[in-house]
Structure formats: structure tokens, C-alpha cells
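Comments concern the structure below.
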């Protein structure tokens, strides 16, 4: 959506290695923001974004206006009406994935992309995109690129610019709690409730943090599990002050 950082540029480099022509989409999509979310405040730095995209060899930038994507009278939406959209971020943001599915479908139709690259930080989004691509027989292959982190461990995010220095330090509890769970998993812990409790306890010890969710599902099916005996997604959403941040790790 813009305000590009190293995580986004890693996607571009992956696309550059895999394809002959790379198009970057820069569009703050209004339909994936709910009431009282940060659409108006979301950082917009298009000229700076273009310089960054040029530096990694992007061939073209798709930068429509909202009126181009959603002209007067627009009334058609793509709605992935399955359990995968009703949990994690979907439980907190009920219209979010309808907006994502609609704008990404339009993006694929307009660009006629053969390959598309999404970041693991938005792992649920990747699952949703894969679902409607398969259901609608769209001729595009979806690639998921690992999370890019700052040296501190904080996952790169455009919303990190909202954080004060104190809040940025507090936000390290997200990656720290996930590392605790990963360490426990690597030492043999397979009980999903125990792993989630480790994360929850660590975050609860940070005064500036308020948990939206901590959950663990099979991946990519996003089905509830009691034991981690297959590839699984441990995901969380936490508010640091007024800023909502997400992070995850894949176990197994």
C-alpha cells in the first residue's frame, strides 16, 4: 500500500529473480479499512517509494487513484466467505478481507500478472488470496516471501512509523514472545495451548502492549489444532499504544 520498507523491497527482489518484468502496486486501498481504522493517517510517500522501487530494478509502478478503482456506482465485491476469513485478523476486522480480495482481483485482471509475491507477515492474507485464486481459476501463481525483520527482531511494517521510541522498544515483545515459543517447539513442546500460553504470558508482561489475539492453526489450512504435528502458523496481533502490529512464525 506504500510507505515502502525493506520488507517490500525484498518482495521486489524476489520477483525480479523469478520473472522478466516486475510491476509494483502502490495503492492505499480504502475498502480494506474499517470504521475508525487508520486509512486517513496511513503513510503515503509515493515519490520516495518510486525512488526505492527504481533502486531494485522494478520495471513499472501501478498507482491508481481510488476513483479509478472504485468509480461512482461501483457495487461488485469479491467475498471469500469461509472460515479462513473469520479468524485471526478477520475476527477483528470483519470487512478487511473483502476489500483485500476485491482489490487484488482487480489488480490481477488489470496487470495480467503470471506471478504475484506477498509477504509472510500477512500470512492469513496469503491464504485468502490463494483461496480465491484457486476458486476463481485465476491464471496467477502466488509466492510467499519470508518476514523481513529489523536487527532488533521487530518485523518490518509501514505502521512502525507510528511508534514512539518507547513504543518501538515495547514492540520488541512481539518477536521475543514468538522466539520463546519457537525455542520451546525446537526443544520438543508440541502442545498448542502451552505454546500460546508462553507467548501470551510474555506479552502480558509489557505494560504498553494489549493483545488482540494469539493463536495457532495448521498452515495453510488454518484449521484449529491441539498439537503441532504438521506445519502450523503461530500468529499474533498486539496494540502498542494506538498502533496495531501483527507478526507470526511458522512451526514444523
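Which numbered condition in (1) touching a strand residue (DSSP E or B) at 6+ places or on another chain (Cβ under 7 Å); (2) under 25 Å from residue 23 (Cα atoms) is the only one that residue 106 fails?
Here residue 106 clears every test but (1).
When the residues of segment 207-227 are filtered to those that are closer than 20 Å to residue 250 by Cβ and more than 19 Å from the chain's Cα centre (by Cα), which remaining residue is surrounded by the most Cβ atoms within 10 Å (Cβ to Cβ)?
225
If you check every pair at least six apart or on different chains, which have Cβ atoms under 7 Å apart with a residue in segment 227-252 that is closer than 11 Å to residue 159 by Cβ and in the same structural domain as residue 176 (by TED's automatic domain parsing) first and a residue that is surrounded by fewer than 19 Cβ atoms within 10 Å (Cβ to Cβ) and modelled with pLDDT under 95 second?
Sorted first by the residue in segment 227-252, then by its partner, the pairs are 243/159; 245/159.
What's the total number of residues in segment 71-92 that are surrounded by 18 or more Cβ atoms within 10 Å (Cβ to Cβ) and farther than 16 Å from residue 134 by Cα?
Residues in segment 71-92 being surrounded by 18 or more Cβ atoms within 10 Å (Cβ to Cβ) and farther than 16 Å from residue 134 by Cα: 3 in total.
Within segment 133-143, identify whether any single residue is in contact (Cβ under 8 Å) with a residue 12 or more places away in the chain and surrounded by 20 or more Cβ atoms within 10 Å (Cβ to Cβ), and answer yes or no.
Checked against the condition, which is being in contact (Cβ under 8 Å) with a residue 12 or more places away in the chain and surrounded by 20 or more Cβ atoms within 10 Å (Cβ to Cβ), segment 133-143 yields no hits at all.
Tell me, which residue of segment 180-197 that is in contact with a strand residue (DSSP E or B) (Cβ under 8 Å, 6 or more places away or on another chain) and in a helix (DSSP H, G or I) is farthest from residue 147 (Cα to Cα)?
Step one: list which residues in segment 180-197 are in contact with a strand residue (DSSP E or B) (Cβ under 8 Å, 6 or more places away or on another chain), which gives 181-182, 185, 190-192, 195-196.
Now restrict to residues that are in a helix (DSSP H, G or I): 181-182, 185, 192, 195-196.
Numbers: 181: 17, 182: 15, 185: 19, 192: 22, 195: 20, 196: 20 Å.
By that ranking, first place goes to 192.
Of all the strands (runs of 3 or more DSSP E) wholly in segment 198-252, which have at least 2 residues that are on the phi > 0 side of the Ramachandran plot and modelled with pLDDT of 95 or more?
Values: elements: 209-218, 232-240, 243-251.
Result: empty, no element qualifies.
Would you mind stating whether residue 70 is modelled with pLDDT of 90 or more, more than 21 Å from residue 117 (Cβ to Cβ) and touching a helix residue (DSSP H, G or I) at 6+ places or on another chain (Cβ under 6 Å)? Walk me through it before giving the result.
Details: modelled with pLDDT of 90 or more: yes; more than 21 Å from residue 117 (Cβ to Cβ): yes; touching a helix residue (DSSP H, G or I) at 6+ places or on another chain (Cβ under 6 Å): no.
No; evaluated as a whole, the condition is false for this residue.
Do we have residue 175 as in contact (Cβ under 8 Å) with a residue 24 or more places away in the chain, out of contact with any helix residue (DSSP H, G or I) (no Cβ under 9 Å at 6 or more places or on another chain), crowded, with 17+ Cβ neighbours inside 10 Å and under 20 Å from residue 241 (Cα atoms) here?
Details: in contact (Cβ under 8 Å) with a residue 24 or more places away in the chain: yes; out of contact with any helix residue (DSSP H, G or I) (no Cβ under 9 Å at 6 or more places or on another chain): yes; crowded, with 17+ Cβ neighbours inside 10 Å: yes; under 20 Å from residue 241 (Cα atoms): yes.
Criteria met by residue 175.
Go through segment 124-178 and count every residue that is within 14 Å of the chain's Cα centre (by Cα), under 21 Å from residue 217 (Cβ atoms) and in a helix (DSSP H, G or I).
7
Taking residue 14, is it surrounded by 15 or more Cβ atoms within 10 Å (Cβ to Cβ) and modelled with pLDDT of 90 or more? Write out each step before concluding.
Working: surrounded by 15 or more Cβ atoms within 10 Å (Cβ to Cβ): yes; modelled with pLDDT of 90 or more: yes.
Here the answer is yes, as residue 14 does meet what is asked.
Can you tell me which of 76, 102 is over 25 Å from residue 159 (Cβ atoms), modelled with pLDDT of 95 or more and in the same structural domain as residue 21 (by TED's automatic domain parsing)?
Details: 102 fails: over 25 Å from residue 159 (Cβ atoms).
It is 76.
The values are calculated or read from the model by the stated rules, or taken from the named source; none is laboratory data. Since the model is a prediction, treat every value here as computed from it, not as a measurement. Cβ atoms come from the backbone with ideal geometry, glycine included; neighbour counts cover every protein chain shown.
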